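The values are calculated or read from the model by the stated rules, or taken from the named source; none is laboratory data. Everything numeric here is computed off the predicted structure, so don't read it as measured data. Note: ideal-geometry Cβ built from the backbone for every residue, glycine included; neighbour counts use all protein chains shown.
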Amino acid sequence: MFQGNMPQLMAAYNQWQNQQMYAAAATLSDAERKADRGAFFKSIHSTLNHIIWGDLMWLSRFTGETLISSPSGVDIYADFAELHAARMALDARIMAWANGLDAAWLNEPVTWTSKVYGFTQTIPRWVQVQHFFNHQTHHRGQVTTLLMQQGIDVGVTDLPLLPMLND
């Protein structure tokens, strides 16, 4: 039975859900994945790109590394196979990062400025970490809806059914 902390749990959930979502998206043609479906980021492909962009932006804040320089809304990967490979590598990185977190770091207050909303605030890091995972879940929900509209079911998405919780 898994006995980690919330970031480790959410990193595992993120990886599991991305595996399911990418497998489902792979059943579509490239043109179908890139079709404008009226979503916030227009297509399934662009929404998947945005999730990676957001992950890289937040990891940059957490680690101090520069991991992304492109603006939001610009596809990082045009090719689905490259996008998929990048997602799997990023998920492994997120798992390793989450495994290295401790309560002291999570509870430390941090001042940050949102480039998207133009405000500055000071909050504990755990709030940012929770937002990091919430952002992924929010946009995966959009992709799940777009896939369901194409008749493709991504499978179970409920956190309590995460395989590692039931081993």
* Do we find a residue being modelled with pLDDT under 95, in a helix (DSSP H, G or I) and small (Gly, Ala, Ser) anywhere in region 86-96? -> no
With the first residue restricted to region 138-167 and required to be within 22 Å of ALA31 (Cβ to Cβ), and the second required to be of a type in the set (Gly, Ala, Ser) and not in a helix (DSSP H, G or I), Cβ contacts under 7 Å at 6 or more apart or on different chains are GLN142/ALA39; LEU146/ALA39
Here the residues within region 1-57 that are more than 19 Å from ASP79 (Cα to Cα) and in a loop (DSSP other than H, G, I, E, B) are MET1, PHE2, GLN3, GLY4, ASN5, GLY38, PHE40
Scanning region 78-130 residue by residue, the ones that are under 29 Å from ARG33 (Cβ atoms), surrounded by fewer than 16 Cβ atoms within 10 Å (Cβ to Cβ) and acidic (Asp, Glu) total 2
Using the structure shown, decide if GLU32 is surrounded by fewer than 18 Cβ atoms within 10 Å (Cβ to Cβ) and closer than 18 Å to VAL154 by Cα.
yes
